[in-house]
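The values are calculated or read from the model by the stated rules, or taken from the named source; none is laboratory data. Being a predicted model, the structure only gives us computed values, none of them experimental. Please note: Cβ atoms are built from the backbone with ideal geometry, for glycine as well, and neighbour counts cover all protein chains shown. SASA here: full protein model, heavy atoms, side chains in, ligands and nucleic acids out. Shrake-Rupley method; radii C 1.70, N 1.55, O 1.52, S 1.80 Å.
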Amino acid sequence: MRRYFYLLLSLASLLNLAVIVLNTDNLPTLALGIVGLLVLGGVVFCLERLVLAPVEDMRRCATAFTAGQPDVRFNDDAVGELGSLRESIAALGKSHAEKSALSDTVLHNLITPMAILDAKGCLEWLNEPMVRLTEQDGTPESFHGQHFSEFFYNEQRETISDKVIRTKEKQFAKAQMQSHKNNTKYISIASFPL
């Protein structure tokens, strides 16, 4: 965006200078046109340093906060209203990081086997009790991206979670399953759309 702004400004400045040079035989008018261009260049420089760079830096940091990178730092010092906006964005990023850490702590310390699936039925998150229930080796993170039916049943089939994803309605069921070590387990399932 800034590149287009500078390109447009450069073209306008060159066009203005060409018009002044071609239409002026008067040296004072030519000098006044050049001084005007220099003033315009100074205004653009100040606009870049005081507005465009801080706004771009805030956009970069807000994007990083959204992507789960709470340790991002601002590069530019913003003043006035932009400084206040920058402080608000920093506070929002810090608050988001604290709440995210709390959620992660709560989820990781649950003893009930749990999993969070994406819209395709693949594992985005699961806890250690879910891995122990299915009697598999590996960390919960090692199963991320795997389809839930392959993780849970060791084969491709429709699960209650697939039905929830399709219908967007919560489902409850009791079932019998074979673990990966061929042990029979009786489970209660509760699946909810997020």
Practice item. Could you list, in sequence order, all residues of region 117-161 that are hydroxyl-bearing (S, T, Y) and over 19 Å from Q176 (Cβ atoms)? Key: T139, S142
Exercise for review: Output yes when any residue across region 159-172 is at pLDDT below 95, assigned to a strand (DSSP E or B) and on the phi < 0 side of the Ramachandran plot, and no when none is.
Suggested key: yes
Check your understanding: Mind checking which residues of region 60-112 are more than 28 Å from L133 (Cβ to Cβ), open to solvent by 70 Å² or more (accessible area, probe 1.4 Å) and part of a loop (DSSP other than H, G, I, E, B)?
Key -> A67, Q69, D71, R73, N75, D77, V79
**Study point:** Meets criteria (farther than 20 Å from G68 by Cα, modelled with pLDDT under 90, open to solvent by less than 80 Å² (accessible area, probe 1.4 Å) and of a type in the set (A, V, I, L, M)) for A190
**Key:** no
Exercise for review: Enumerate the pairs (first residue in region 102-125 and within 21 Å of K170 (Cα to Cα); second residue anywhere and at pLDDT 90 or above and open to solvent by 90 Å² or more (accessible area, probe 1.4 Å)) with beta-carbon separation below 6 Å, excluding pairs fewer than 6 apart on the same chain, so at least 6 apart or on different chains.
Suggested key: I116/E124; D118/E124
Revision key, fill the gap. A careful count of residues in region 97-123 that are among the β-branched types (V, I, T) and closer than 13 Å to S161 by Cβ gives 1
Practice item. Among residues belonging to region 164-182 that are open to solvent by 70 Å² or more (accessible area, probe 1.4 Å) and not basic (K, R), point out the one that is nearest to the chain's Cα centre (by Cα). Key: E169
**Study point:** Residues (outside any strand (DSSP E or B) and open to solvent by less than 70 Å² (accessible area, probe 1.4 Å)) located in region 115-132
**Key:** D118, G121, N127, P129, M130, V131
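From the list V44, V72, pick out the single residue that is under 30 Å from A12 (Cα atoms) and either at pLDDT below 75 or among the aliphatic types (A, V, I, L, M) (or both).
Answer to the check: V44.
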Revision key, fill the gap. Scanning region 159-190 residue by residue, those without any contact (Cβ under 8 Å) to a residue 40 or more places away in the chain, in contact with a Phe, Trp or Tyr (Cβ under 8 Å, 6 or more places away or on another chain) and of a type in the set (G, A, S) turn out to be A175, S188, A190
Study note, to complete from the structure: The condition from (1) surrounded by fewer than 16 Cβ atoms within 10 Å (Cβ to Cβ); (2) within 32 Å of the chain's Cα centre (by Cα) that R157 misses is numbered (2)
